[in-house]
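First up is the structure itself, then whatever we jot down about it.
FYI, it's all coordinate maths here, none of it is from the lab. Computed from a prediction, not measured in an experiment: that's the story for all the values here. Cβ placement follows ideal geometry from the backbone for every residue including glycine, while neighbour counts extend to all protein chains displayed.
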Amino acid sequence: MMNTSDDHNPIQHFQQWFYEVDKAHPEDEANAMLLSTIGVDGFPKSRIVLLKRFTWEGFIFFTNYTSEKGKAIAQNNKVSITFNWAAAKKKVLIEGEAEKVASNLSEGYFESRPEGSKLGAWASDQSKVVSSRKVLEDQLEHYETKFKNQIIPRPEYWGGYLIKPNRFEFVEHDRIEGYTRTIIYKLLPDYNWLKDTGYTHE
């Protein structure tokens, strides 16, 4: 049986699940999400990235803008993210559009990172093949020397994306009752959310 209601906010629903999973099942790494984009070659590509923050607007992660995913988003900003919390028997699928966050937000997050992570942002040329591990080690050593005893600045090619959602799908498998519950939220033109709930017996 399906029922609809537009008085629910899926971000609040996500927040409840996220903190429940993070507390009860830390092995699930609640902030690990599968980001899917349409690659520059026209084929879908997926990879794991880490959710760093979520707000009422959407979901924020940070990366190298010149990486494969950065180039894909620049060409087609329609993306999807999936949280698969296996131990909790829960899954969340989200579709939306990605946009770069304001530079001051990227600056603030970059400043909060450990020094090694900051240097890694300079040394790592994401999505490009290198001939050996030594090449990466040499690049890291170069930037360690360059920024020795200095504040390490944020590279212009590194920063955050905000994924603004327009569709959520919450899937929950009940271990005892033997059914799957699926809740779908769709963003309406007036920015309210339409909620559909369905149950499937396993």
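Decide, for the range 32-104, between rounded, prolate and oblate: order the square roots of the alpha carbon gyration tensor eigenvalues as a ≥ b ≥ c, take rounded if a/c falls under 1.5, and otherwise choose prolate if a/b is larger than b/c, else oblate. It is oblate, given that a/c is not under 1.5 and a/b is not larger than b/c.
Just how far, in whole angstrom, is the range 58-97 from the range 154-202 if you go by their alpha carbon centroids? Measuring centre to centre over Cα atoms gives 13 Å.
Of the peptides 158-167, 86-95, the ranking by mean beta-carbon count within 10 Å, highest at the top, reads 158-167, 86-95.
Taking label points 7 Å from Cα along the Cα-to-Cβ direction, Ala74 and Glu115 give a separation of 3.2 nm.
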